[in-house]
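Notes for the one structure printed next.
The values are calculated or read from the model by the stated rules, or taken from the named source; none is laboratory data. Given the structure is predicted, the values throughout are model-derived calculations rather than measurements. For neighbour counting, all protein chains shown are included, and Cβ atoms are generated from backbone atoms with ideal geometry for every residue, glycine included.
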Amino acid sequence: MRYTNGIMEKTAAPPISKVTLARTNRLAGTVVLPGDKSISHRAALFNAIATGSATVSNLSPGADVVSTLRCLQQLGVTIEPGNRQGTYEITGLGTRGLTEPNDVLDAGNSGTTLRLLSGVLAHHPFFSVLTGDASLRSRPVYRVVEPLRLMGASLTARDDDRRPPLAIRGTELYGIEYTLPVASAQVKTAITLAALVADAPTTIHQPALSRDHTELMLRAMGAVVEEDGLSLTIHPSDLKAINVEVPGDISSAAFWLVAAVCHPNAEVRVLNVGVNPTRTGVLEVLKAMGADVQLENPRTSGGEPVADLVARSSQLKATEIAGDLLVNAIDEIPILAVAACFAEGATVVRDAQELRVKESDRIKSIVQELGRLGASVEEREDGLVIHGGQPLHGATVESHGDHRMAMSMAVAGSLAKGETTVLDTTAADISYPTFWETLASLSGKEARA
Ligand code: S3P
């Protein structure tokens, strides 16, 4: 946008990024993944509020984690890039040591940045405002406002406290007992971070087990986090900085696993994949579909289970994704919907209302875009029914500005008959900036821009 005499001028819209792809005879190769996005946010933020310095390596290069790093720098944290790409030295300020930012904190497209930071800012004795891009500003924030207010925090958000921007004036907090209305790791983490400095322990009851990277990492940093079934009790604790080697992102691996199992002539090896059991729903779903995905070299890295995965061409059958499995595979539904198009029978996705408040309304985005490729997909209030076995044909599809939709549609396009153009492909930069190079190298040809 340009300004003349203080008046905003209309300028031509920037050109829309797009990629055109087509099916290749073979899909093969070895993939090195970007660092896990969820673990990267936590490694940066938790070390920033710990005491001491730590090295974080293989940090996600995605724009979401860059948003977290920028916000932390605005809050006074020193973050220095190391010699190797993806390596950063973070000097923590302690659980009470952040300083007032002199501008609004912009979380960009990242719900994790905004919600996790709200838990830390709730008790810092200064004023801060968290905002984000148009997508993030349309996403729910009352889910953190309510529990943090019960802890004594002073927060206000736009649209009757429903959506960002979120304004916070930090204050002393009380320990509470709280039942999460949705199985959200972001909300669980926001409350947990606030609980570290509350006057008494806090207990959180979860409706289902969401990803537990927070619990694992905070314990490794010295916090007392007790677990009793689906309940967590967090005791007021200080944190000690720890080095973290971030494993590869299973949510990014999912694109290659599905591409390989749906392609008639494929073998893809994905190295160093984080296989924390709260994240492996995608592997369980693919197994239930009859996919040939093998787990090799299981090991532990930085307190998280890691393995290599090998996926080969498979005959798929339909399955059902609901309940705890849905929570465990929540970010992989767009790409699993692509797999369902290649399976025999109707795949049903239920209990997935949360998909409506992700980076796009993913239920609507999937129905619309897979429909353009010739798939038969029914929309349900809380999910999808995907009738497999209809051959996909090339078309022009949109990402809805949603990174996981951009990459899922690219995989669908590279399996469809004829040419597919994916519009607004820069969305993939949110979690996987090198996605297009990897797709080209597995396909043995250049993706055309
Ligand atoms: C995330 C938790 C999930 C997930 C998101 C990342 C995290 O969201 O969808 O991509 O890092 O905690 P919810 O906690 O809102 O379910």
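Tabulated results
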| item | result |
| --- | --- |
| Meets criteria (aliphatic (A, V, I, L, M), in a helix (DSSP H, G or I) and modelled with pLDDT of 95 or more) for Leu326 | yes |
| Only listed residue being among the hydrophobic types (A, V, I, L, M, F, W, C), within 15 Å of the ligand (Cβ to nearest atom) and modelled with pLDDT of 95 or more, chosen from Ala107, Ala48, Ala54 | Ala107 |
| Condition check for Ala311: assigned to a strand (DSSP E or B), over 30 Å from Arg219 (Cα atoms) and modelled with pLDDT of 95 or more | yes |
| Restricting the range 27-44 to residues that are farther than 16 Å from Ala185 by Cβ and out of contact with any Ser or Thr (no Cβ under 8 Å at 6 or more places or on another chain), the residue that is nearest to the ligand (Cβ to nearest atom) | Val32 |
| Set Glu296, Glu227: member being of a type in the set (Asp, Glu) and in the same structural domain as Val411 (by TED's automatic domain parsing) | Glu296 |
| Test: residue in the range 146-157 that is more than 18 Å from the chain's Cα centre (by Cα) and over 19 Å from Tyr174 (Cα atoms) | yes |
| Residue, surrounded by the most Cβ atoms within 10 Å (Cβ to Cβ), within the range 365-386, restricted to residues that are free of Cβ contacts under 8 Å to residues at least 40 places away in the same chain and outside any helix (DSSP H, G or I) | Ala375 |
| Enumeration of residues in the range 176-198 that are closer than 24 Å to Gly52 by Cα and either more than 10 Å from the ligand (Cβ to nearest atom) or assigned to a strand (DSSP E or B) (or both) | Ile191, Thr192, Leu193, Ala194, Ala195, Leu196, Val197, Ala198 |
| The listed residue being within 16 Å of the ligand (Cβ to nearest atom) and without any contact (Cβ under 8 Å) to a residue 40 or more places away in the chain, out of Arg143, Arg162 | Arg162 |
| Cβ-Cβ under 6 Å pairs, at least 6 apart or on other chains, the range 335-356 side on the phi > 0 side of the Ramachandran plot, far side crowded, with 23+ Cβ neighbours inside 10 Å | Asp351/Leu326 |
| Odd one out for Arg362 among (1) of a type in the set (Lys, Arg); (2) within 27 Å of Arg143 (Cβ to Cβ); (3) surrounded by fewer than 24 Cβ atoms within 10 Å (Cβ to Cβ) | (3) |
| Hits in the range 349-399 - residues which are small (Gly, Ala, Ser) and out of contact with any His (no Cβ under 6 Å at 6 or more places or on another chain) | Ala352, Gly371, Ala375, Gly383, Gly388, Gly389, Gly394, Ala395, Ser399 |
| Pairs where the first residue, in the range 8-24, is assigned by TED's automatic domain parsing to the domain that holds Pro264 and of a type in the set (S, T, N, Q) and the second is modelled with pLDDT under 60 and not in a strand (DSSP E or B), C-beta under 7 Å, 6+ apart | Thr11/Met1 |
| Answer from Gly62, Gly76, Gly94, Gly86 - the residue that is away from the ligand (no atom under 14 Å from the Cβ), closer than 30 Å to Ser360 by Cα and of a type outside the set (A, V, I, L, M) | Gly86 |
| Whichever residue in the range 110-129 is within 15 Å of the ligand (Cβ to nearest atom) and of a type in the set (A, V, I, L, M) and, among such residues, is nearest to Thr171 (Cα to Cα) | Val120 |
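Condition check ((1) of a type in the set (Gly, Ala, Ser); (2) under 23 Å from the mean Cα position of the chain (by Cα); (3) in the same structural domain as Arg42 (by TED's automatic domain parsing)) across all residues:
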position: Leu136; (1), (2), (3): no, yes, yes
position: Asp161; (1), (2), (3): no, no, yes
position: Leu173; (1), (2), (3): no, no, yes
position: Ala195; (1), (2), (3): yes, no, yes
